[in-house]
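J.: Following this message is one structure expressed as structure tokens.
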Amino acid sequence: MSPHDEYEVTVVGGGSAGVAAALAASRQGARTLLIERQQLLGGMGTNAMVHTFCGLFHPDVSQGPQWLNPGIPTELGTALMQRGGMEEPDLMGRVYVLRHRPADLASLTAELCAAEPHLTVLTGAEVTALSPGWTITLNDRLIHSRAVIDTTGDALLARLLGHSHWDLATSARLYRPAYVWSFQGLSAILDEPLRLHVAALIVRAVKAGALPAAALGTTLRASPTRGEVFVSTDLEAGGDHWDPLDLDQRLHLESEGRALAQAVWDFLRSSHPSFTTITPPVLPVHAGIRESARWRGDYVLSADDLIRSRRFEDEAALAGWPLEMRETARGPRFRYFDQPEPAGIPASCLRARSLPGMFFAGRCLSCDHEALASVRVMGTCLATGQAAGQMAAAFRP
Ligand SMILES: Cc1cc2nc3c(=O)[nH]c(=O)nc-3n(C[C@H](O)[C@H](O)[C@H](O)COP(=O)(O)OP(=O)(O)OC[C@H]3O[C@@H](n4cnc5c(N)ncnc54)[C@H](O)[C@@H]3O)c2cc1C
């Protein structure tokens, strides 16, 4: 890259939304740059070890699994199922979900991007400044771009532009972060009775002081690979003082998560015969952040829009996942749509009239705190990312 590079579309953030945006823009023929600060693409689905895609399927499960959004969400979901050796997604209560291996998501997203001749991917590169027009500062380089898409999850570009462009829920309401890690070598099938038995053992150990209180609510889920298990714990993270944009708090979260993983791993190995042969914990690159800053776009999608399955004239994508609220570390509170019908996400949630050429998608799109409980899931992020990529490619000043 030369010190001043010109692109038609620049996507900042290579998670589900960013990868879909970059693929969609480049497939329209736009010279596209995707910038990701971590080494691997995939965002939370890779680096925080989130291992289940939600929001990929129609909310009416009575007809079996039906893909909700055509294009990249269907393409990537199908490819992940093939890599995981799965014929069907899992029906969990009233919704279909797709389990995946984070390593599969990382390799698949890298391969899909590498196959696009108009797309350049820069990993290990962090955007630090932005000026309208648009010029992006990336380490010691300047990138000029006709259109820019913010898929950082944290609305980073809105925050660089000023306070009028973004919102953040109060600390007490923010969906809790979580720490996810994995191990291999479980010698039994992780079925429901074993999961419940382990949950009860953990509760007893917390009561006896053998595990920290933060371990309460730890859940185990089998990966598509036999013997591999993902372990997740929601964290209070300072409760009423939690600020996901504060670096010190993020660092504290990492050390709390690592210590907890070690303690739970030690406990599992010594408390049940099926766990004596498990491998040491595989830790994530970073803890999982469910909610931080959101863009304020031309329209702010509300929980009511979703619950009533509202449709829009300028519809860009469909949402079908229930509102999964996690305002405490004690587990989710679900609110389902009134009817098993999808809701629309309008294009006006992915742009702001006052900022021509700026688009946003994924978990930092323009919605309220309650609506985020649904649209933040990765299947929906793929769909809004795809829509933002198409809009950015078509943008002319
Ligand atoms: C613990 C946990 C469990 C979850 N469980 C599920 C689940 O079961 N199913 C589901 O579908 N969803 C789940 N989610 C939600 C889902 O993982 C996220 O909401 C989704 O991944 C958001 O996608 P995104 O692309 O918007 O953002 P992210 O995945 O957060 O990606 C944003 C990317 O931007 C990059 N970035 C940020 N700043 C910069 C910068 N300055 N320069 C360059 N790059 C930058 C980041 O490194 C990151 O890769 C869960 C989330 C968490 C935290």
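Throughout, read-outs are computed from the coordinates displayed, never taken from laboratory work. This one's a predicted model, so the numbers in the text were calculated from it and none came from an experiment. Here Cβ is always computed from backbone atoms with ideal geometry, including for glycine, and neighbour counts include all displayed protein chains.
J.: Arranged from highest to lowest average of other beta-carbon atoms within 10 Å per residue, in what order do the peptides 239-251, 35-47 appear? List each step's numbers first, then the result.
T.: Working: 239-251: 13.7, 35-47: 23.6.
Ranking, from highest mean packing down: 35-47, 239-251.
J.: Here is a follow-up. In nm, give the distance between the simple-model label positions of Glu88 and Ala188, each being 7 Å from the Cα along the Cα-to-Cβ direction.
T.: Going from the Glu88 label point to the Ala188 one covers 2.6 nm.
J.: If I stretch the segment between Glu126 and Ala394 completely, what's the gain in nm (0.36 nm per residue apart, minus their alpha carbon distance), one decimal?
T.: Values: separation 268, 0.36 × 268 = 96.48 nm, distance 2.58 nm.
Contour length minus Cα-Cα distance gives 93.9 nm.
J.: Ok, one more. Run the quick spin-label model on Asp338 and Ser274: label points 7 Å from Cα toward the beta carbon, then report their separation in nm to one decimal.
T.: In this crude spin-label approximation the distance works out to 4.3 nm.
J.: How far, in nm, would the chain grow between His144 and Glu236 when pulled straight, counting 0.36 nm per residue and subtracting the alpha carbon separation? Mind dumping the intermediate values first?
T.: Working: separation 92, 0.36 × 92 = 33.12 nm, distance 4.06 nm.
Result for the pair: 29.1 nm of gain on full extension.
J.: Grab the eigenvalues of the alpha-carbon gyration tensor for the chain, scale each by 5, take roots, and send me the semi-axes largest first in whole angstrom. Please report the intermediate quantities before stating the final value.
T.: Details: eigenvalues 234, 101, 88 Å².
The three semi-axes for the chain are 34, 22, 21 Å.
J.: For segment 279-376, just say rounded, prolate or oblate: build the C-alpha gyration tensor, square-root its eigenvalues into a ≥ b ≥ c, call rounded for a/c under 1.5, and beyond that prolate if a/b exceeds b/c, oblate if not.
T.: Details: a/c = 2.33, a/b = 1.34, b/c = 1.74.
It is oblate, given that a/c is not under 1.5 and a/b is not larger than b/c.
J.: Ratio to report: Rg/Rh of segment 1-124, with Cα atoms as the point set and Rh obtained by the Kirkwood method; give two decimals. Don't jump to the answer; show the numbers that get you there.
T.: On the way: Rg = 15.5 Å, Rh = 15.2 Å.
Reported Rg/Rh, Kirkwood definition of Rh: 1.02.
J.: Also: Between Ala199 and Leu247, what length in nm is gained on full extension when 0.36 nm per residue of separation is reduced by their alpha carbon distance?
T.: Numbers: separation 48, 0.36 × 48 = 17.28 nm, distance 3.21 nm.
Value of the extension gain: 14.1 nm.
J.: Now, a different point. Could you list the residues of segment 183-204 with an amide nitrogen less than 15 Å from a label point located 7 Å from the Cα of Ala210 in the Cα-to-C-beta direction?
T.: Answer for segment 183-204: 197-204.
J.: Show that you can apply the helix-only estimate: for the chain, add -39,500 (n - 2.57) for every DSSP H stretch of four or more residues, divide by all residues, and state [θ] at 222 nm to the nearest 500.
T.: Details: 10 runs with 117 residues, N = 397.
Computed mean residue ellipticity for the chain: -9000 deg cm²/dmol.
J.: Also, I was wondering about something else. Using DSSP H assignments, which helices in the chain have an axial alpha-carbon span of 15 Å or above and a mean Kyte-Doolittle hydropathy of 1.6 or higher? Don't skip to the answer; put the middle values down first.
T.: Numbers: long enough: 16-27 (17 Å, 1.03); 72-83 (16 Å, 0.08); 102-114 (18 Å, 0.85); 192-207 (23 Å, 0.79); 247-271 (36 Å, -0.40); 378-394 (24 Å, 0.66).
What comes out of the filter, once short or polar helices are dropped, is none.
J.: Would you order Ser274, Ser292, Ser187, Ser16 from fewest to most other beta-carbon atoms within 10 Å of each residue's own beta-carbon? Mind dumping the intermediate values first?
T.: Values: Ser274 16, Ser292 23, Ser187 12, Ser16 36.
Fewest to most other Cβ atoms nearby, the residues stand as Ser187, Ser274, Ser292, Ser16.
J.: For the chain, what proportion of DSSP beta bridges, expressed in % and rounded to the nearest 5, is antiparallel? Numbers along the way, then the final one.
T.: Details: 36 of 57 bridges.
Percentage antiparallel, nearest 5: 65.
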